[in-house]
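In what follows, a structure is listed as structure tokens, so that the remarks can point back to it.
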Amino acid sequence: MLTDRDRERYKRQLLAWTEDQQHRLKDARVLIAGAGGLGSPLAMYLAVAGVGHIRVVDRDAVDLSNLNRQTLHTEGDIGRLKTESAVEALRDLNRDIHVEGVTRIMDDGTIDELVDGHDIIVDCTDNFPVRYVLNRKAVRSGLPMVHGGIRGFLGQLTFIAPGKGPCLACIFKQAPEPESIPVFGATPGVIGALQATEVIKYLTGVGDLLIGRLLIYDGEAMEFQNIKIERDPGCVECRAK
Amino acid sequence: MIVRLFASVRKAYGDKTVEVEASELTLAVLMDRLAQRIEGIADSVSRGAVLMAVNRELVDPIGKDRDRMVHSGDEIALMPPLAGG
């Protein structure tokens, strides 16, 4: 049930979807993996849209060099755990939702405890080994996952729907070589906002999800491309699912 | 035939595109030609560390799609997964 305060707060988006759909956002539980460049805009847009339960997982502390892109954190947060500053920032944006920060490494040993009980995973991590852990959990539990990645002026996005479309390991069979990744804030801003759009679409049931499509954003050319992607029958993660 | 390069592949080659002198060829031959120009690209593609798309569809130029013909005007791209977040 929406309160009068909800109706006032979300008045403008209740022109885009129904009260029932807004209630689905209020009831939803979203797991955000990573409170960095992607996780910042994503978490902020989900919080202000009224997603009722948000868990942010990150293991790092805020560093000065994060601040060119990680808009959840401020200069005053340098040295604090990212989960602490993220929760504080999100609560300042919306005190009507429940936000929780968990400072933990995400690996095959911790992932069940971190993810179980949530409706959707959002991959805002900065490395492929952790992405593969999240993907494995999504496939094993049949949970949807919104994947995002960036580098410089480029971004990529897809919606992993286990059993319906390709998983992350169908598309990316091997992690790219480790490198110092160039990044400025606007690119994860674009991709994080698109990830938030996919999460809200999934939870409200509005629109067509990015399943079987890899969206490539090229900020230098200012182009978006949809690349068709398919399940790999020999995929090490999802072939038997 | 123009192949667009993205991210680390662009960095490795030093340009946004690479031109291959041909109006049509198979993906296997195209990969051979690209391997002469971009160091390590055949290995990266075979391992899946770099993806190839033709006309906005992922292809496997070393495996199942090696005999597929591509023509001048086709949109061909080489791109690694983007790891940053």
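Annotations for the structure displayed:
- Alpha-carbon centroid distance for the pair the stretch A:80-123 / the stretch A:1-67, whole angstrom: 11 Å
- Greater than 21 Å apart at Cα, pairs in A:Lys164/A:Lys228; A:Lys137/A:Lys173; A:Lys26/A:Lys201; A:Lys82/A:Lys201; A:Lys11/A:Lys201: A:Lys82/A:Lys201
- Solution diffusion estimate, µm²/s, Stokes-Einstein, chain B, Kirkwood Rh from C-alpha pairs, 20 °C, viscosity 1.002 mPa s: 169 µm²/s
- Taking only the C-alpha atoms of the protein assembly as shown, the Rg (one decimal) and the largest Cα-Cα distance, Dmax (whole number), read 20.5, 67 Å.
- Overall form of the stretch A:96-158 per C-alpha gyration tensor (a/c, 1.5; a/b vs b/c): prolate
- Residues within the reach of a label modelled at B:Glu39 (point 7 angstrom out along Cα to beta-carbon, backbone nitrogen below 15 Å), restricted to the stretch B:9-24, are B:9-15.
- Rounded if a/c under 1.5, otherwise prolate or oblate - the stretch A:1-92, Cα gyration tensor axes: prolate
- Counting only DSSP beta bridges with both residues in the stretch A:6-160, the antiparallel share comes to about 30 percent.
- Measuring r between the beta carbons of A:Glu220 and A:Arg7 and using R0 = 51 Å, the FRET efficiency lands at 0.75.
- Spatial separation of Cα centroids for the stretch B:28-51 and the stretch A:149-186, in angstrom: 20 Å
- About the centre of its Cα atoms, the protein assembly as shown shows a dipole size close to 500 debye [charges on the beta carbon of Lys, Arg (+1) and Asp, Glu (-1) only; nearest 20 debye].
- Over the stretch B:2-79, relative contact order from alpha-carbon pairs under 8 Å, at least 6 apart, %: 41 percent
- Over chain A, dividing the summed -39,500 (n - 2.57) contributions of all DSSP H runs of at least 4 residues by the number of residues returns a 222 nm mean residue ellipticity of -9500 deg cm²/dmol.
- Mean separation of Cα contacts under 8 Å, 6 or more apart, over the residue count of chain A: relative contact order %: 20 percent
Just so you know, all these numbers are worked out from the coordinates, no wet-lab data involved. Note that this is a predicted model, so its numbers are computed, not measured. Positions of Cβ are generated from backbone atoms using ideal geometry, with glycine treated the same way; all protein chains shown enter the neighbour counts.
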